[in-house]
Each structure stands twice: as structure tokens, then as C-alpha cells.
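One structure is given below, encoded as C-alpha cells.
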Amino acid sequence: KRVEGDMDVGVEEFEEKLPRLRELILGCDFVGFDMEFTGLHSAFPPGGQPSLFDYPAEWYQKARRSVQQFTVCQLGLSIFSSENSSKYMAHSYNFFLFPATFGQMDSEFSFQAFSIKFLTHYGFDFNKFLKDGIPYMNEAQEKKLQKGLLSGNWVVHSVIDKDKVKKVIDEVTCWMSFAEEGESMVLHDIYGFQMFEIQLVLRQALQDIWTVPLGSQEPLVGHNMLMDLLHLHDKFYNPLPGNVFQNHRICCDFPACLDWLFPLYFAQQA
């Protein structure tokens with residue numbers, strides 16, 4: 001195995017690294033991933049922590065409560081591609097994440113003392129998480145935001161900003177009418193929430209261009225990864241459904257998952 005060094009990625013580096021990241025994932029053989037959370041299992045209500053004696057539906061309700069209470073602060077990816085029959089090349093990234101805040105949209109999450117102590121012990125950079133975390137939202141939050149923007153009910157900072165956003169959107173849609181394949185357009189003097197708003201409106205109008213389905217069937221490898229998958233669904237796709245039997249989207253999106261906790265466990269028992 002040959003490894004390219006770990007790369008910490010915050011909000012400033014994300015846009016630059018994204019094309020290369022997409023290229024690596026689409027051409028890889030498998031992906032290893034791991035998440036760090038601000039907490040693992042909620043201690044409330046008493047007796048609410050998962051147990052080996054839980055039925056699947058009971059365990060899911062407890063896990064869902066924890067996913068809703070805590071947030072993801074870091075996502076680690078190692079993307080493996082074969083160089084020959086006996087050698088793999090691994091590209092590793094650490095993405096610092098922080099929930100998006102925009103206008104009236106905000107979120108609340110908790111910290112668990114044990115988890116914070118664990119992260120501190122292993123040198124986690126809390127300043128990077130809080131100051132440079134990549135903002136994210138799930139599809140339900142995005143649709144709610146788009147609806148407010150397109151209906152004109154969204155509160156923006158001033159009339160000047162709103163007019164500026166409208167002008168840029170008009171310029172982009174006009175450019176799209178004459179643009180040829182491979183051409184690009186640079187937007188100037190757009191900052192903060194203005195860029196965020198423009199991207200959301202354009203995604204609504206130009207979904208076929210902005211949405212790039214990965215369609216990847218490569219195996220996803222993790223350790224004790226069910227909580228990671230639940231957070232992945234809740235934070236980046238849609239809030240977890242109330243019933244475990246409604247939660248089939250994970251199986252559709254990630255048909256090949258390998259949790260190496262189980263091979264490790266059975267190897268220790270042998």
C-alpha cells in the first residue's frame with residue numbers, strides 16, 4: 001500500500017479540492033471513512049443508551065435520538081485505487097464540518113464530556129472545527145431555504161443586497177444562453193450569504209447542471225459504522241424517519257458496506 005499524506009480540509013480549501021476529490025472517488029476501488037461527533041450516545045432519558053438486548057426498533061429509536069442531539073465535526077476519507085495486482089494508492093482527507101447558518105436557518109447541538117475528552121486526547125483541532133468548518137445542510141433544509149428564497153419571503157440584510165442578488169442571477173442565466181461547452185463565468189464582488197443564496201436559486205433553476213449523481217457502487221469500509229451511516233443520512237440527505245423500516249435509503253445509496261469491526265471480532269474469537 002502507498003499512501004498520500006493526510007490533508008486537512010476546511011471551508012477555505014474545500015472548493016479547490018472538490019474536483020480532485022470527485023475524480024478520485026469516481027475512479028477508486030473502495031473508500032474507507034470515519035466520522036467524529038460531538039457526542040456518541042445520549043444519556044437522556046435515563047436508560048436510553050443502546051443495549052445488546054434491544055430489539056432493532058428500540059436500538060434505532062435510541063440511535064436516532066443521539067443523531068438528532070449531536071453533530072458531525074469531522075469526516076475522514078481514505079480513497080483507495082489499485083496501481084497493480086498487489087499495490088493500492090490511498091489518498092486521505094480530513095474534512096472539518098460545521099452546520100450551515102444562514103439568515104433565519106440555525107441549528108442546535110450538544111457536546112458530551114467523554115467525547116470531547118477523547119477528541120482532545122487525540123489532538124483534535126476545535127478551532128478548525130468552529131472557525132473553518134465546511135457548512136452543510138440536508139435536502140429538507142435546502143428545500144425549505146429554496147422555497148423561502150423563491151417566494152420572496154426570505155429575510156435578507158438589505159434591499160441593496162437583494163437587488164444585487166437578482167442582478168447576478170439575471171447575468172448568469174443570460175450567459176448560460178450563449179455559453180459553449182467548457183466555458184466558465186466568474187462572479188465578482190459577491191460575499192457571504194449572497195453567494196450562498198445565488199447558488200441555491202441557480203440549483204433550483206438548473207438542477208440538471210448542478211446535480212452530479214455519483215452512482216458509485218464501490219465498497220464503503222468503516223469501523224462500527226452504523227452510527228456513521230445514520231449521521232450521514234441525517235446531516236446530508238434527510239432527517240432520519242421515525243420508523244426503522246422506513247430507513248431503506250441507506251441500503252440503496254450504499255449497497256456494499258464492510259464494517260471491519262465484525263471480521264476483527266470473529267478473528268479474536270477464533
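The values are calculated or read from the model by the stated rules, or taken from the named source; none is laboratory data. Not measured: the values here are computed from a predicted model. In this analysis, Cβ positions are derived from the backbone assuming ideal geometry, glycine residues included, and neighbour counts consider all displayed protein chains. To get the accessible areas, we keep the full protein, side chains included, count just its heavy atoms, and leave off ligands, DNA and RNA. Shrake-Rupley method; radii C 1.70, N 1.55, O 1.52, S 1.80 Å.
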The FRET efficiency for residue 86 and residue 117, from their Cβ-Cβ distance with R0 = 45 Å and rounded to 0.05, is 0.65
Rounded to one decimal in nm, the spacing of the 7 Å Cα→Cβ label points at residue 181 and residue 163 is 4.1
With a 26 Å threshold on alpha-carbon distance, the violating pairs from 131/166; 144/166; 128/167; 17/62 are 131/166; 128/167; 17/62
Simple SL model, points at 7 angstrom along Cα→Cβ for residue 147 and residue 126; separation in nm is 3.7
Taking the square root of 5λ for each eigenvalue of the C-alpha gyration tensor of the range 1-127, the equivalent ellipsoid has semi-axes, largest first and in whole angstrom, of 32, 20, 14
Taking r as the C-beta separation of residue 237 and residue 29 and R0 as 30 Å, the FRET efficiency to the nearest 0.05 is 0.80
Expressed per residue, the solvent accessible area of the range 37-88 in Å² (1.4 Å probe) is about 55
